[in-house]
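First comes the structure, then the notes that go with it.
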Amino acid sequence: MSEDAGEVRVAVDGRTLKLSNLGKVLYPRTGTTKGEVLDYYARISPVLLPHLHGRAVTRIRWPHGVAEGSFFEKNTPSGTPGWVRTVTVPTTGSRTASKQEGTLTFPVVEDLATLTWLVNLAALELHVHQWTVDDDARPQGANRVVIDLDPGEPAGLHECCTVALMVRERLDARGLSSYAVTSGSKGLHLYASLDEPLASEETSALAKEVAEELQAEHPKLVTATMTKARRGGKVFLDWSQNAGSKTTISPYSLRGKERPYVATPVTWDEVEAGAEDPLGLEQMTFTEVLERVERVGDVFGIA
């Protein structure tokens, strides 16, 4: 490691990277610095990288910290190193569509060097699609279904846990094993693994079917309607994140919230505890997640 003009040069996976502004506070509420964020991502990388493998990554960047503005970034930025793996895909419709009305070139984050390079750009949040790309950068179908459980006030994580158990039951009935992840924001994300890749239209239809069934059976607690005005006190089952153009926060990614919360895989026992007790499950910070992974490993069963 060497320092020069406010930069730190580090060797990562055989690459020399320049890291800058390590003392900059990115989370003012907790005083969490950019250096601490880089350290988190380096330490969590053994369990994070398998969930990014083969997936185009959209980033949300906070160059001046979470108290200031952020922006989404899909395309690789200017100055992207030549060793960063990228994939170019259609901008609209299914990722396997034959007609391309324009393209986007995403980074694919499969090693610590690429991860470190992106995080040094203040990319706090890493979002991925449910479809993947193969080794030749050809888009494949989705290998999982996701349903985002988003509570409308005064509902919260407790109500999400209650509904998550209902969703699990519906997915089980379809022969799909499911896994839960706290969103790092307000709710939960539920994923179901697929034996064979499916087109995004099919996974969207499946998730919508589950959401609308539960809305019909539990109209006072569940809604599948996008309209925010109708979500008060209910859990919105967002099935739309299965669309080919949509993304979901990756498990183990930080969130750009007031505190450095993380999208954290949890067990079904923990979800059941959250359904029984409003304080039975809470969103977790990056320090809690590091300690947790050291203790129990990765409980998210879909790569």
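What to note about this one:
- In the stretch 156-196, the residue that is surrounded by the most Cβ atoms within 10 Å (Cβ to Cβ) out of those that are among the acidic types (Asp, Glu) and in a strand (DSSP E or B) is ASP195.
- Enumeration of residues in the stretch 197-230 that are under 24 Å from PRO278 (Cβ atoms), part of a helix (DSSP H, G or I) and not basic (Lys, Arg): ALA211, LEU214, GLN215, GLU217
- Filter result for GLY54 (surrounded by 15 or more Cβ atoms within 10 Å (Cβ to Cβ), in a loop (DSSP other than H, G, I, E, B), touching a residue at least 40 places away in the same chain (Cβ under 8 Å) and among the small types (Gly, Ala, Ser)): yes
- Selection status of LEU22, open to solvent by 30 Å² or more (accessible area, probe 1.4 Å), of a type in the set (A, V, I, L, M, F, W, C) and not in a helix (DSSP H, G or I): yes
- Number of residues in the stretch 239-257 that are touching a residue at least 60 places away in the same chain (Cβ under 8 Å) and either of a type in the set (Lys, Arg) or outside any loop (DSSP other than H, G, I, E, B) (or both) equals 8.
- If the condition is being under 19 Å from GLU125 (Cβ atoms) and either open to solvent by 70 Å² or more (accessible area, probe 1.4 Å) or not in a strand (DSSP E or B) (or both), then the stretch 67-87 contributes ALA67, GLU68, GLY69, SER70, PHE71, PHE72, LYS74, ASN75, THR76, PRO77, THR80, VAL84.
The values are calculated or read from the model by the stated rules, or taken from the named source; none is laboratory data. None of the values given here were measured: they were computed from a predicted structure. As a convention, Cβ positions derive from the backbone with ideal geometry for all residues, glycine included, and neighbour counts pool all protein chains shown. Note: accessible area is taken over every heavy atom of the protein model, side chains too, but ligands, DNA and RNA are not part of it. Shrake-Rupley method; radii C 1.70, N 1.55, O 1.52, S 1.80 Å.
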